[in-house]
Amino acid sequence: MRSPNKTARICIVSVGLWVGALTFAQEQRGRQAGELHDPMPDRFGPALEAVNGKGGTDISGPYEVVASWPQPLHTDFRTGRVAGVYAPTPDRVYVATSGEVPHLYERGWAPESTEKLIPMTGNMTSRGGRWEHILLVFDRNGKLLESWDQWNELIKGPNRITGNPNDPAHIWVADQSANQVHKFTNDGTKLVMTLGDKDVPPAEPRGRFQDIGFLPNGDMYILGGSRVMKFSKDGTYLLGWGKAGKTAPGEMSGVHGIAIDAKNHRVYINDKDNSRIQIFDENGTFLEMWSNILYPMSIRLTADGQSIWVGDGYAQKFLKFDLTGKLLASWGTFGSMPGAFWGLHAFDVDSEGNLYVTEDYGGRVQKLRPKPGGNQAQLVR
């Protein structure tokens, strides 16, 4: 039998949700009729810049947001989570999402949906969602070039989309929900290879596949859970390392990103849940660790091989380190306004220096371009 207190709580919550829904509907009707005005109007762009050398503020570091990128796919739905981005050229930008959810509000200073702030609403928004527009390709103007809908039944929950710089003919997707990695032709027409449990020795501990990194010879690392596994370019399992834990070298939890410095024989692993980066040689021998990085979700070696960029999904910042682990630069702002981040999950840079950032909770991918006069040391390269 349900207790009176529990019944009362359920009634209060139900009334609150009903009132909230009614208020939202009234506000929408008011906006459509031109009766309501947004209390936080569009204050982005020039309004944030110093005027006559006075005032101004900084949201997106050395970058400015490219407006209306990508172009909207719908008016009634939006992406529920944008997991990965890969930008080999500005004219072909690959994006991986986790489907679509109903579009609630115009993007402004507050989150578009509340499922991460009010857990009980997560069920409602997910039930209203749909498994569409999972793997996408956009051009430099944000126009949708391709939606690989033919693979929607195959992909269960992508966490990364990436490529091997030495093999531009193919695209790779790490699917954490299916615990698989897929290799496609770069136009999405053919599935070339799938790696999963069948390719891993029975004694190898399992972990949901999160990311992929490549050596110059085509060999690859696939990581997830507390393990890093090395495969040959043809998919043959070679070796693995790591175990569950929180403190000792080689103990990991929620590994979530990889960067490979082949020149110096160093493999950088985001030990996300332990707030650190661990560094190994190419065969898994522990070298060192960098601690006190709150929630490293993505990582990238700079093009000149002299620095490491890390995306911190808790601090919502980009962090630049030299190869000894010294912090060189930091920028980023929490929020859902343009140029800020809510769950900074993945990033990539195209050949023109534009930065693309995906958000785990913000449900979007943003394109940012270097702004005139920006701090060059803060540019992600």
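The values are calculated or read from the model by the stated rules, or taken from the named source; none is laboratory data. For clarity, every value in this text was computed on a predicted model and none was experimentally measured. Positions of Cβ are generated from backbone atoms using ideal geometry, with glycine treated the same way; all protein chains shown enter the neighbour counts.
Under the condition of being outside any strand (DSSP E or B) and among the charged types (D, E, K, R), which residue from region 280-314 is nearest to residue 333 (Cα to Cα)?
In this case the residue turns out to be 304.
So, in region 225-240, how many residues would count as being buried (at least 17 other Cβ atoms within 10 Å of the Cβ) and either closer than 19 Å to residue 294 by Cβ or touching an Asp or Glu at 6+ places or on another chain (Cβ under 9 Å) (or both)?
Residues that pass the stated criteria total 6.
With respect to residue 312, determine if the residue is buried (at least 16 other Cβ atoms within 10 Å of the Cβ), more than 20 Å from residue 266 (Cα to Cα), charged (D, E, K, R) and out of contact with any His (no Cβ under 7 Å at 6 or more places or on another chain).
Considered against the rule, which asks whether it is buried (at least 16 other Cβ atoms within 10 Å of the Cβ), more than 20 Å from residue 266 (Cα to Cα), charged (D, E, K, R) and out of contact with any His (no Cβ under 7 Å at 6 or more places or on another chain), residue 312 comes out as yes.
Applying the selection to region 44-99, what residues are out of contact with any helix residue (DSSP H, G or I) (no Cβ under 8 Å at 6 or more places or on another chain), part of a loop (DSSP other than H, G, I, E, B) and closer than 19 Å to residue 135 by Cα?
Correct list: 69, 70, 71, 72, 73, 74, 81, 90, 91, 98, 99.
Can you tell me which residue in region 264-290 is farthest from residue 324 (Cα to Cα), limited to those that are among the polar types (S, T, N, Q) and surrounded by fewer than 19 Cβ atoms within 10 Å (Cβ to Cβ)?
283
From (1) crowded, with 16+ Cβ neighbours inside 10 Å; (2) among the hydroxyl-bearing types (Ser, Thr, Tyr); (3) over 24 Å from the mean Cα position of the chain (by Cα), pick out the condition that doesn't hold for residue 295.
(3)
Sort out which residues of region 241-258 are in a strand (DSSP E or B) and crowded, with 21+ Cβ neighbours inside 10 Å, and write them in order of number.
Once the filter is applied, which keeps residues that are in a strand (DSSP E or B) and crowded, with 21+ Cβ neighbours inside 10 Å, region 241-258 yields 252, 255, 256, 257, 258.
Just the residues that are of a type in the set (Asp, Glu) and surrounded by 12 or more Cβ atoms within 10 Å (Cβ to Cβ), please, taken from region 50-96.
Once the filter is applied, which keeps residues that are of a type in the set (Asp, Glu) and surrounded by 12 or more Cβ atoms within 10 Å (Cβ to Cβ), region 50-96 yields 58, 64, 91.
Have a look at 336, 330 and point out the one that is farther than 23 Å from residue 305 by Cα and hydroxyl-bearing (Ser, Thr, Tyr).
None of the other options fit; the residue is 336.
Mind checking which residues of region 47-66 are closer than 19 Å to residue 335 by Cβ and at pLDDT below 75?
47, 48, 49
Please enumerate the residues belonging to region 67-96 that are within 23 Å of residue 319 (Cα to Cα) and either within 16 Å of the chain's Cα centre (by Cα) or at pLDDT below 95 (or both).
Listed by number, the residues that qualify are 81, 82, 83, 84, 85, 86, 87, 95.
Where residues in region 150-167 are assigned to a loop (DSSP other than H, G, I, E, B) and not polar (S, T, N, Q), which of them is nearest to residue 344 (Cα to Cα)?
Here the residue is 157.
Looking at the structure I just gave you, is residue 261 over 24 Å from the mean Cα position of the chain (by Cα), at pLDDT 95 or above, among the acidic types (Asp, Glu) and surrounded by fewer than 20 Cβ atoms within 10 Å (Cβ to Cβ)?
no
For residues in region 315-328 being out of contact with any Leu (no Cβ under 7 Å at 6 or more places or on another chain) and assigned to a strand (DSSP E or B), which is surrounded by the fewest Cβ atoms within 10 Å (Cβ to Cβ)?
Out of the qualifying residues, it is 328.
Within region 139-157, can one find any residue that is surrounded by 16 or more Cβ atoms within 10 Å (Cβ to Cβ), under 30 Å from residue 262 (Cα atoms) and either modelled with pLDDT of 95 or more or in contact with a Pro (Cβ under 8 Å, 6 or more places away or on another chain) (or both)?
No, region 139-157 has no match at all.
Which residues, taken from region 329-381, are in contact with a Leu (Cβ under 6 Å, 6 or more places away or on another chain) and of a type in the set (Val, Ile, Thr)?
Once the filter is applied, which keeps residues that are in contact with a Leu (Cβ under 6 Å, 6 or more places away or on another chain) and of a type in the set (Val, Ile, Thr), region 329-381 yields 349, 380.
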